[in-house]
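Let me begin by presenting the structure, written as structure tokens, before commenting on it.
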Amino acid sequence: QVQLVESGGGLVQAGGSLRLSCAASGNLFSFNTMGWYRQGPGKQRESVAEISSGGRTNYADSVKGRFTISRDNAQNMVYLQMNNLKPEDTAVYYCNSVPPKEQSWGQGTRVTVSS
């Protein structure tokens, strides 16, 4: 079982940037595609971005052009670079496989964007 630990969240003003990191305790190769998810206040968890083992990426329309997902399989890391942040990006961000494994959800990292 792979455990995932997210970090890098914080409070930022609209237009600012943050880089989120996800550290996996196990071998990422056991997950073909990795993704970032988020859950905003009063909202359901949603997919934000995903990256295949070969580096192919896909983004939600709401973040396309602003967020960039990347991965380092040698270091068992997945990253999310978030630029031009908006108040509606406020959420707890999680990483997991695509589709997600219920037993692998971490504690998430909170991102708060002030207007």
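The values are calculated or read from the model by the stated rules, or taken from the named source; none is laboratory data. A quick note: this is a predicted structure, and the numbers were derived from the prediction, not measured. FYI the Cβ positions are ideal-geometry reconstructions off the backbone, even for glycines, and counts take in every protein chain you see. Keep in mind that these areas ignore ligands, DNA and RNA; they rest on the heavy atoms of the full protein, side chains included. Shrake-Rupley method; radii C 1.70, N 1.55, O 1.52, S 1.80 Å.
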Which of the residues spanning segment 77-97 are open to solvent by 30 Å² or more (accessible area, probe 1.4 Å) and touching a helix residue (DSSP H, G or I) at 6+ places or on another chain (Cβ under 9 Å)?
Met77
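Any idea which of Gly106, Gly55 is assigned to a loop (DSSP other than H, G, I, E, B), open to solvent by less than 50 Å² (accessible area, probe 1.4 Å), touching a residue at least 24 places away in the same chain (Cβ under 8 Å) and within 23 Å of Val2 (Cα to Cα)?
Working: Gly55 fails: touching a residue at least 24 places away in the same chain (Cβ under 8 Å).
So the residue among Gly106, Gly55 that is assigned to a loop (DSSP other than H, G, I, E, B), open to solvent by less than 50 Å² (accessible area, probe 1.4 Å), touching a residue at least 24 places away in the same chain (Cβ under 8 Å) and within 23 Å of Val2 (Cα to Cα) is Gly106.
Regarding Thr33, is this residue closer than 18 Å to Glu102 by Cβ and either open to solvent by 70 Å² or more (accessible area, probe 1.4 Å) or polar (S, T, N, Q) (or both)?
Details: closer than 18 Å to Glu102 by Cβ: yes; either open to solvent by 70 Å² or more (accessible area, probe 1.4 Å) or polar (S, T, N, Q) (or both): yes.
Yes; evaluated as a whole, the condition is true for this residue.
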Which residue pairs have Cβ atoms closer than 8 Å, lie 6 or more positions apart in sequence or on different chains, and pair a first residue in segment 5-20 that is under 13 Å from Gln107 (Cβ atoms) and hydroxyl-bearing (Ser, Thr, Tyr) with a second residue that is modelled with pLDDT under 95 and open to solvent by 30 Å² or more (accessible area, probe 1.4 Å)?
Ser7/Ala23
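Suppose we filter segment 59-76 for residues that are open to solvent by 50 Å² or more (accessible area, probe 1.4 Å) and part of a strand (DSSP E or B); how many remain?
Going through segment 59-76, the residues open to solvent by 50 Å² or more (accessible area, probe 1.4 Å) turn out to be 61-62, 64-65, 68, 72, 74-75.
Retained after the next criterion (residues that are part of a strand (DSSP E or B)): 68, 72.
Residues meeting the conditions: 2.
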Please tell me if Gly26 is farther than 17 Å from Arg110 by Cα and either modelled with pLDDT of 95 or more or open to solvent by less than 60 Å² (accessible area, probe 1.4 Å) (or both).
yes
